[in-house]
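Right, one structure below, let's go through it.
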């Protein structure tokens, strides 16, 4: 027994020296979140309703009753997450750090069986010099600006008005005084373009992103101003082969698209105002309405196709109060389907729903008030999401009243009311 006591004393004496020499530090944080929500009708959503997009369209039975008018509820804890923040020795003259973060939301494409499945959110390493930062790994798409994003309680974080995607990437950011300039090359994983991430990989060209941002903070006055814009350009290859009749042919198909964003934020001790606007083509991978459609068959022998991108515009604005115990907020968003660049091949008009999110929707808008009560590490919050989607009416033929440019010619509104209550324990 005396030997064990002596060993523990020696170990205790050496521990401070070891701690001083060891420069790698890992800190764990995160939260446990429980969501309780009720929807007034069926919705278009992800993961058992947890990630709400917009209400489902009206589908009538033989008696004229709306099948999707059925309300629903759910209780889920899958947003709970854990984060490891790592700092280590300098490398190449730069400060080094990393983030490894996971939750239990499950993985894309794995179906309902993977709810509660461990999912990688962030995994990146950073090198920071005096004015330049180099990032390697998976984190937010540059269009999801961590300085300007909705503070809503819902896990959808303002979708389908706020771009939402995490991407494996290589990113460099250079700061000059209060201005930062960002360049990034992105791949796709959980948030992909129509069909799969293979359409970007087969292009052999990463998604290219540029962003310029102005940020000025005054810690003593607790004020902050942020403004800036972003640009994006990506090329997809929908197919590398085509089956035409009984023959298979190699084809050279591609579609390129452009996107842009503008954003701003003003912070004072009493309130915060944020605004964000997005315009772009083929925004499917950002969890926004959009995508692409077949324009024509360019080669009758091989069946090779040309494609046209669907355009969308979205804007949201948020006002939230300050306060250490009670915080209130109001979110409002609007997105509009602007149709396609060229035209949709008439024989493939109905099939475009597979490659255009919200193909039969003209616009979506949402108003969402919330209030949060804070006590120590525990937050109690409630939020009401009122989301309205304008769906295309159907013609007597049963087809949607949409022209070859993808424009909805006649629409009706359907609204979902979601009441959400959340209990969040931070650690």
Just a yes or no: is a residue in the range 61-70 modelled with pLDDT of 85 or more and in a strand (DSSP E or B)? yes
Is the range 364-386 home to any residue that is buried (at least 20 other Cβ atoms within 10 Å of the Cβ), on the phi < 0 side of the Ramachandran plot and touching a helix residue (DSSP H, G or I) at 6+ places or on another chain (Cβ under 9 Å)? no
**Item:** Test: residue in the range 118-137 that is at pLDDT 95 or above, surrounded by fewer than 17 Cβ atoms within 10 Å (Cβ to Cβ) and under 14 Å from the mean Cα position of the chain (by Cα)
**Value:** no
Item to check | Residue check for residue 357: in contact (Cβ under 8 Å) with a residue 40 or more places away in the chain and in contact with a helix residue (DSSP H, G or I) (Cβ under 8 Å, 6 or more places away or on another chain) | outcome: yes
The lone condition residue 44 fails out of (1) under 20 Å from residue 138 (Cα atoms); (2) free of Cβ contacts under 8 Å to residues at least 40 places away in the same chain; (3) surrounded by 15 or more Cβ atoms within 10 Å (Cβ to Cβ) is (1)
Over the range 78-100, the set of residues without any contact (Cβ under 8 Å) to a residue 24 or more places away in the chain and either in contact with a strand residue (DSSP E or B) (Cβ under 6 Å, 6 or more places away or on another chain) or not in a strand (DSSP E or B) (or both) is 100
When residue 132 is run through (1) without any contact (Cβ under 8 Å) to a residue 60 or more places away in the chain; (2) within 27 Å of residue 38 (Cα to Cα); (3) out of contact with any helix residue (DSSP H, G or I) (no Cβ under 9 Å at 6 or more places or on another chain), the failure sits at (2)
Picking from 37, 73, 31, the residue that is surrounded by fewer than 14 Cβ atoms within 10 Å (Cβ to Cβ) and not in a loop (DSSP other than H, G, I, E, B) would be 73
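The values are calculated or read from the model by the stated rules, or taken from the named source; none is laboratory data. Please read all numbers here as calculations on a predicted model, not as lab measurements. No Cβ is skipped: glycine too gets one built from the backbone with ideal geometry, and neighbour counts run over all protein chains shown.
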